[in-house]
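The values are calculated or read from the model by the stated rules, or taken from the named source; none is laboratory data. These figures come from a predicted structure and were not determined experimentally. Backbone-built Cβ (ideal geometry, glycine too); neighbour counts: all protein chains shown.
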Amino acid sequence: MDSLLELCFGRKDSVKSIVFGILTKESPLKIIQLTNLVQRRHGKQVTFQGVRKAVHELVIAGALIEENSKYSIDKRWISQAKKEIDALHSQLFSIAPVRKRVDAIGEDLSVFTFDSIAEMMKFWQHSLESNKTEKGDINCYQTHHMWEAILFPESERKLMTKLLSGGTKSYFLITGNTILDKLTVKFYRDLGVKVSILSSRSEFDKEYAISTHGSLVIQTNYQKETALALDAFFKKVKKLENLNLEELAKIVSAKAEVKLSIAKNKNMAQQINKSIIDQVE
């Protein structure tokens, strides 16, 4: 939140930034209440007139609304600011998939909505690649079929090379057990990933995928029709010469709403890591 405040209002210790920060947690408030909080909670030497001036400027900017001499944040302004920052991020970092919607649930959980699992997976790869890597980080991944290694081998190779060279230890668990699954096991093992197959017929395992990196937890659920189509594709390929990449691309690019959640939760990540590593090693 601090970086957003600095972008919109200048220094994070400015009166406007402090007032805005207070109103994100407590609202609506009168100017006298804001003055007391700015002075006592934040130790800022400011007068009632100084706080009133900051509030007035925020109202003029459209960030605050006033009702019965009490002030609160205008949610419409937040939505517009978020759209503009998302657009700027997309422009600067050239994120290929277009997110249909982004829902923030608390400070440490975001849910992204895409129109296909191909778009979702490209963003997933980008999220892992752009996450700060520290030596000793653990990257775990569980899924039914790792189709991304077949369609996006260079992207996967680049991502895993970056993670492993930065000191990240990676453990993958595949719950499918076909010729193609065994091929992807070899692909990742050659890169230095510890990966195993633990066959499962569970419908949940076919639709569910989860990954960790440091304190991040990333997960998704495929729609049932998509999961069944992928499973059928993997099972019917008995020889590599029968592999039809165009057919696979159509399955993962088919229009289907898919959600991707990204949470920052160290304890949850550690529990998931233990579960996957115990089954891989």
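Taking the stretch 224-239 on its own, how many of its residues are exposed (fewer than 15 other Cβ atoms within 10 Å of the Cβ) and not in a helix (DSSP H, G or I)?
2
Which of the following residues is closer than 20 Å to LYS264 by Cα, assigned to a helix (DSSP H, G or I) and assigned by TED's automatic domain parsing to the domain that holds LEU243: SER155, SER127?
Values: SER155 fails: closer than 20 Å to LYS264 by Cα.
After ruling out the rest, the residue left standing is SER127.
Can you tell me which of (1) under 30 Å from LYS264 (Cβ atoms); (2) at pLDDT 75 or above; (3) not in a helix (DSSP H, G or I) is the one PRO97 doesn't meet?
(2)
Taking the stretch 241-281, which residues are in a helix (DSSP H, G or I), touching a residue at least 40 places away in the same chain (Cβ under 8 Å) and either among the acidic types (Asp, Glu) or under 19 Å from ILE174 (Cα atoms) (or both)?
LEU248, VAL252, ALA269, ILE272, ASN273, ILE276, ILE277, GLN279, VAL280
Can you tell me which residue within the stretch 188-224, out of those that are under 24 Å from the mean Cα position of the chain (by Cα) and among the acidic types (Asp, Glu), is modelled with the highest pLDDT?
So the residue we want is GLU207.
Within the stretch 25-63, count every residue that is aliphatic (A, V, I, L, M) and either more than 24 Å from GLN80 (Cα to Cα) or in contact with a Ser or Thr (Cβ under 7 Å, 6 or more places away or on another chain) (or both). Talk me through it step by step, then tell me what you get.
Filtering the stretch 25-63 for residues aliphatic (A, V, I, L, M) gives 29, 31-32, 34, 37-38, 46, 51, 54-55, 58-61, 63.
Within this subset, residues satisfying the condition of being either more than 24 Å from GLN80 (Cα to Cα) or in contact with a Ser or Thr (Cβ under 7 Å, 6 or more places away or on another chain) (or both) are 31-32, 34, 37-38, 46, 51.
Residues that pass the stated criteria total 7.
How many residues are in a helix (DSSP H, G or I) and under 21 Å from PHE233 (Cα atoms) if we restrict to the stretch 162-208? It would help to see each step written out before you state the result.
Of all residues in the stretch 162-208, those in a helix (DSSP H, G or I) come to 162-165, 179-191, 203-207.
Still in the running and under 21 Å from PHE233 (Cα atoms): 179-188, 203-207.
Total meeting the criteria: 15.
For LYS158, which of the numbered conditions (1) modelled with pLDDT under 90; (2) buried (at least 16 other Cβ atoms within 10 Å of the Cβ); (3) among the basic types (Lys, Arg) fails to hold?
Only one criterion is unmet by LYS158, namely (2).
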